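Below is one structure, written out as structure tokens, with a few remarks after it.
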Number of protein chains: 2
Amino acid sequence: MDLNIIVAHLESLEETIISKLIDRVQFKLNPVIYQPGNSGFVGAEGKSLFEIRLLFQEEMDAQFGRYSQPEERPFNKNLPEPKRRVSTAAPELYISDYNQINLTAQIMKSYLNLVMEICPDGDDKQYGSSVVADVYAFQAICERIHFGSFFVAESKIQSNFETYSQLIKEKNKEALMNLLTRKEVEDRIILRVKEKLAYAQAKVNTAIRTTINPDIILQFYRDHIIPLTKEGEILYLLNRII
Amino acid sequence: MDLNIIVAHLESLEETIISKLIDRVQFKLNPVIYQPGNSGFVGAEGKSLFEIRLLFQEEMDAQFGRYSQPEERPFNKNLPEPKRRVSTAAPELYISDYNQINLTAQIMKSYLNLVMEICPDGDDKQYGSSVVADVYAFQAICERIHFGSFFVAESKIQSNFETYSQLIKEKNKEALMNLLTRKEVEDRIILRVKEKLAYAQAKVNTAIRTTINPDIILQFYRDHIIPLTKEGEILYLLNRII
């Protein structure tokens with residue numbers, strides 16, 4: 001439970017989130033893909049095309065054991081059982097059920113707002129490709145938030161066990177939030193993400209590729225990714241076996 | 001059938017290929033995932049984990065209509081029928097069956113060799129994540145090659161119908177190959193891809209992210225992507241309805 005390794009992995013996930021969002025904005029907003037009942041998909045008429053694609057993806061991923069990993073939390077319930085055993089060692093977490101920390105419903109709301117902001121308005125009929133890109137971007141953001149929730153929180157409690165376990169016993173959310181917030185770390189993350197995005201797009205031929213305004217992603221980190229991660233950390237701590 | 005639009009789309013796919021390959025090299029080679037009979041996946045014991053993941057992915061994609069697009073050719077046969085009708089307009093191609101141009105088996109061989117070269121040796125147990133990244137990178141490369149095969153070839157025959165249709169009637173592969181080869185365009189693509197990859201990795205924190213030697217990707221474009229695309233163009237022309 002080395003905080004440096006955890007922080008390095010979180011940074012690596014920034015690259016992933018950026019590249020998945022860049023993939024998404026190559027297609028227009030295509031609002032119809034988010035409208036329930038408008039998917040044109042036989043057998044799933046009540047849902048949106050994005051919801052259906054995400055469900056299919058999670059049903060597949062579940063069979064491959066994705067949700068055996070704490071940081072991979074599914075949006076859907078009642079997914080199939082894994083058909084393989086995951087090969088990585090079980091992480092050193094102290095919690096009875098990973099799904100006690102599942103922020104996917106809130107992340108979905110944040111993601112849908114983000115998409116409205118970053119995608120070019122309009123409809124290019126590329127519905128299939130758009131929902132594929134949506135699923136990957138959404139999964140990358142969820143992975144980042146849940147990875148932080150589990151592992152940053154566990155590393156923090158391990159480094160200051162007395163204080164944290166006292167606050168956990170008191171269920172003192174506010175004090176826990178103060179204890180785990182480090183404003184200067186947050187500011188550094190936000191600036192780094194903005195810089196990375198600007199750089200990732202610097203050599204892009206804008207005649208053929210849509211780019212994303214780095215300020216929107218900065219805002220998304222500040223107002224969604226970081227607060228949701230901290231909410232997940234609190235959830236982890238309140239559910240941690242002490 | 002505007003060659004400028006086709007070329008722009010091919011260039012855009014370069015970014016996609018680069019980002020998917022970068023995703024893959026974040027995991028070690030993990031040779032076991034390519035070994036048939038070693039997947040640990042219940043009910044698919046004869047196959048490799050990569051083969052199984054690709055099959056599941058293609059079964060899902062088929063239901064969403066992916067293979068109604070000419071540039072999306074599946075590696076597996078006997079996939080399920082689409083459950084939705086694709087919303088994009090049918091492209092102006094003159095061919096009775098898109099699968100007359102399907103180079104996925106050859107691309108698979110090239111891809112497996114590429115992976116051996118670009119991934120760090122060893123086994124990090126991240127089998128699930130590695131095959132996911134493999135599937136996306138493989139699909140991106142296949143899309144690029146098939147998109148070029150169909151659309152570049154069709155645009156070329158339209159711009160020089162007399163000469164091409166004569167050579168097609170004669171089944172003169174060699175003359176067709178000479179006619180469609182433009183060495184200076186190929187050189188430009190290769191250099192651009194190398195530059196893009198170098199740039200995409202310039203700001204990366206190499207303590208936490210694995211990078212790819214741009215020369216290997218240059219070589220892969222020169223020895224695999226470009227020749228396979230031209231082979232696909234010839235296939236398209238020989239099967240074109242004239």
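With respect to (1) under 22 Å from A:Y34 (Cα atoms); (2) away from every other protein chain (no Cβ under 14 Å); (3) not aromatic (F, W, Y), the lone exception for A:E58 is condition (2).
The set of residues in segment B:194-229 being in contact (Cβ under 8 Å) with a residue 60 or more places away in the chain, buried (at least 19 other Cβ atoms within 10 Å of the Cβ) and farther than 20 Å from A:K196 by Cα consists of B:I217, B:F220, B:H224, B:I225, B:L228, B:T229. On the stretch given as segment A:58-113, residues that are assigned to a loop (DSSP other than H, G, I, E, B) and more than 21 Å from A:G148 (Cβ to Cβ) total 13.
Listed by first and then second residue, the pairs with beta-carbon distance under 7 Å, at least 6 apart or on different chains, first residue in segment A:23-40 and farther than 21 Å from A:I212 by Cα and facing another protein chain (nearest Cβ under 9 Å), second crowded, with 16+ Cβ neighbours inside 10 Å and among the aliphatic types (A, V, I, L, M), are A:S39/A:L49; A:S39/A:I52. Looking across segment B:114-130, the residues that are more than 14 Å from every other protein chain (Cβ to nearest Cβ) and part of a helix (DSSP H, G or I) come down to B:L114, B:V115, B:M116, B:E117, B:I118. Applying the set (1) farther than 26 Å from A:I234 by Cβ; (2) more than 12 Å from chain B (Cβ to nearest Cβ); (3) assigned to a helix (DSSP H, G or I) to A:I212 leaves exactly one unmet item: (3). When segment A:86-121 is filtered for residues that are in contact with a His (Cβ under 8 Å, 6 or more places away or on another chain) and charged (D, E, K, R), nothing remains. There is at least one residue in segment B:84-98 that is of a type in the set (K, R), within 12 Å of chain A (Cβ to nearest Cβ) and farther than 30 Å from B:I168 by Cβ.
Every number here is computed from the coordinates shown, using simple stated rules; none is lab data. Predicted, not measured: the structure shown is a model, and the values here were computed from it. Cβ coordinates were reconstructed from backbone atoms using ideal geometry, including for glycine residues, and neighbour counts include every protein chain displayed.
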